[in-house]
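Report on the following structure.
The values are calculated or read from the model by the stated rules, or taken from the named source; none is laboratory data. Keep in mind the model is a prediction, meaning the values are calculated, not measured. Here Cβ is always computed from backbone atoms with ideal geometry, including for glycine, and neighbour counts include all displayed protein chains. Ligands, DNA and RNA are stripped out before the accessible areas are found, and what is left, the full protein with its side chains, is counted by its heavy atoms. Shrake-Rupley method; radii C 1.70, N 1.55, O 1.52, S 1.80 Å.
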Amino acid sequence: MPKTKKTQVTASPERRRELLHLAAEVFAAHGYNATTVRRIADEAGMLAGSLYYHFDSKESMLDEILATFLAELWEGYDAVLAAELGPRETIEALVTESFREIDRHRAAVAIYQQESRALAAQPRFHYLTDSQQKFEQAWLGTLERGVTEGAFRADLDVRLTYRFVRDTVWVAASWYRPGGQHSPEEIARQYLSMVLDGIAVRT
């Protein structure tokens, strides 16, 4: 009697997104290495073995979480850069888009910050290094253009400014919660006011 082939169960797109969202929250809260498939399955209210019907490993889940986040981030960033705005307007649009991505993918941003350095050493996650280099080029290029065109101060240290703005924006993933009192756009406006215009009263 021939062996019966095991049928692969395919999750609906909604269920798959739900499982990935849950896995992202667990990875962000406990760290990738400390998180087991069993822990994710427990959070999902299912057996660990059942989760393997949908994903072949926790690495695959992490890969899809980060790749989806970065694809959406670059869709927004590329649209901003293609608009050929002035340097200040480009910085404003990039900051706003960043907060929108934190709103959409808060846990993925937290994972990226915590895990990307170690993950980038693995061939499967080499795209994290490529994305980081592209990200740096976009921001530094805009800041350098701003100095050249007179939109930003001539004495501006563009690399230090890039690091300050980058860290100031993305660290918000540690405290931001979707659906809070302020929208991503409102938070971006406040951040931009402080970064571009300062907090001291002008005399």
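For the reader, a short list of remarks on this structure follows.
- Residue order for Leu196, Leu51, Leu81 - accessible surface, 1.4 angstrom probe, largest first: Leu81, Leu196, Leu51
- Taking semi-axes √(5λ) of the Cα gyration tensor in Å as calculated from this structure, the corresponding entry among [x] 54, 16, 13; [y] 29, 18, 16; [z] 39, 18, 14 is [z].
- Calculated FRET efficiency for the pair Gln122/Trp175, C-beta based, R₀ 35 Å, to 0.05: 0.75
- With respect to the chain, whose longest principal axis is taken over its alpha-carbon atoms, helix 127-148 is tilted by about 10°.
- The accessible surface of the chain, taken with every protein chain in place and a 1.4 Å probe, is 53 percent carbon and sulfur.
- In the context of the full set of protein chains, segment 55-155 has a per residue accessible area of 48 Å² (1.4 Å probe).
- Alpha-carbon centroids, segment 107-167 and segment 45-88: separation in whole Å: 18
- Shape of segment 87-148, Cα gyration tensor, a/c cut at 1.5: oblate
- Cα gyration tensor, segment 158-203 - rounded (a/c under 1.5), prolate or oblate: oblate
- Put Glu97, Glu144, Glu92 in order of accessible area, highest first, and with a 1.4 Å probe you get Glu144, Glu92, Glu97.
- Between 0 and 90°, nearest 10: helix 58-82 axis offset from the chain longest Cα axis: 30
- Exposed-site-free run, longest, the chain (rule: trypsin sites (Lys or Arg not before Pro); DSSP loop; at most 16 other C-beta within 10 Å): 7-152
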